[in-house]
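Data first, discussion second: the structure below is written as structure tokens.
Readers should treat all values here as calculations from the given coordinates under stated rules, not as data from a laboratory. Because the structure is a prediction, the values reported are computed rather than measured. Virtual Cβ from ideal backbone geometry, glycine too; neighbours counted across all protein chains shown.
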Amino acid sequence: MAEVHALSNISFVVERGEFIAIMGPSGSGKSTLMHILGCLDRPTSGSYYLDNSDVTALSNKELSIIRNHRIGFVFQSYNLIFQLNVIENVEVPLIYNRMSLNYDSGMDKCLKAIRAVGLNERLRHRPSELSGGEMQRVAIARALVNDPLIILADEPTGNLDSKTGEEIMGILKGLNDEGRTVIVVTHDEKVASHANRTIKLKDGSILVDSRQ
């Protein structure tokens, strides 16, 4: 059986505070690269340095801690828990790092994140009572609640109409303007236009790495 290399000879540096769009056709390696950047997968060779630390050889538990504290994830399908309301969904990452044991501090973090995405009036609503754009705002608030270094967004506007998609990209751009590193995986040139750097993949390799 022939080996298939999802990524090959990939090498690049992400500076703190950049807004990067990763693009490419299906099968180009976008998802694999995002999973490695998000410490969800390990590369079979090479190294990945996050905040000057090589995370390649860390244990699963150590990687879990990094994902919880340093990386905020936003997915196309929102990945909300439909039995929980907005506050409870945003609180989920705090439960994993035991912040919820300090109720007041944890609730302050949740409310701050929810305010940042403009959902103050929807605190007790469940996902079934929200629009697609509102659900994605909840997902962004959840990604923010642990004050991560990096926001990783995988096709964040894929399930949204163009107007709502622009609103979501505006939120991500605002977070970047505050100094957060934002990396968006997308096939949409309009989404990529919000970034200040675009990395295009083809057959597992970098085809273009350009700054605007």
Using only the alpha-carbon atoms of the chain as identical scatterers, what base-10 log of I(q)/I(0) does the Debye formula give at q = 0.17 Å⁻¹?
-1.22
Once phi is turned into ³J(HN,Hα) by the Karplus curve 6.51 cos²θ - 1.76 cosθ + 1.60 with θ = phi - 60°, what whole-Hz value does each residue of region 136-152 show in order, with x for glycine and proline?
5, 5, 4, 4, 5, 4, 4, 5, 7, 4, 9, 6, x, 6, 10, 9, 9
Please list, ordered by chain and number, the residues whose modelled amide H lies under 5 Å from the amide H of His194; skip anything fewer than 5 residues away on the same chain.
none
GNM result for the chain, Cα springs below 10 Å: residue of Pro43, Pro156, Pro127 fluctuating most strongly:
Pro43
Which FRET efficiency value, to the nearest 0.05, do you get for Lys190 and Glu15 by plugging their Cβ-Cβ distance into 1/(1 + (r/R0)^6) with R0 = 25 Å?
0.55
Quick one: Karplus J couplings for region 72-85, per residue in order, coefficients 6.51, -1.76, 1.60, θ = phi - 60°, nearest Hz, x for Gly and Pro?
x, 10, 10, 10, 4, 8, 6, 6, 8, 9, 6, 7, 9, 7
What is the set of long-range amide H partners of Val74 at a cut-off below 5 Å, with H atoms built 1.01 Å from backbone N?
Leu152, Ala153, Asp154
Could you give me the ³J(HN,Hα) list for region 56-71, computed from phi with Karplus coefficients 6.51, -1.76, 1.60 and θ = phi - 60°, whole Hz, x at Gly and Pro?
4, 9, 6, 6, 4, 5, 5, 5, 4, 5, 4, 4, 6, 9, 10, 10
Report, by chain and number, residues whose modeled amide H sits under 5 Å from the one on Ser205, excluding near sequence neighbours (fewer than 5 apart, same chain).
Ser8
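For a quick protection proxy, order the peptides 191-203, 49-61 by their average other-Cβ count within 10 Å, most packed first.
Highest to lowest by the protection proxy: 191-203, 49-61.
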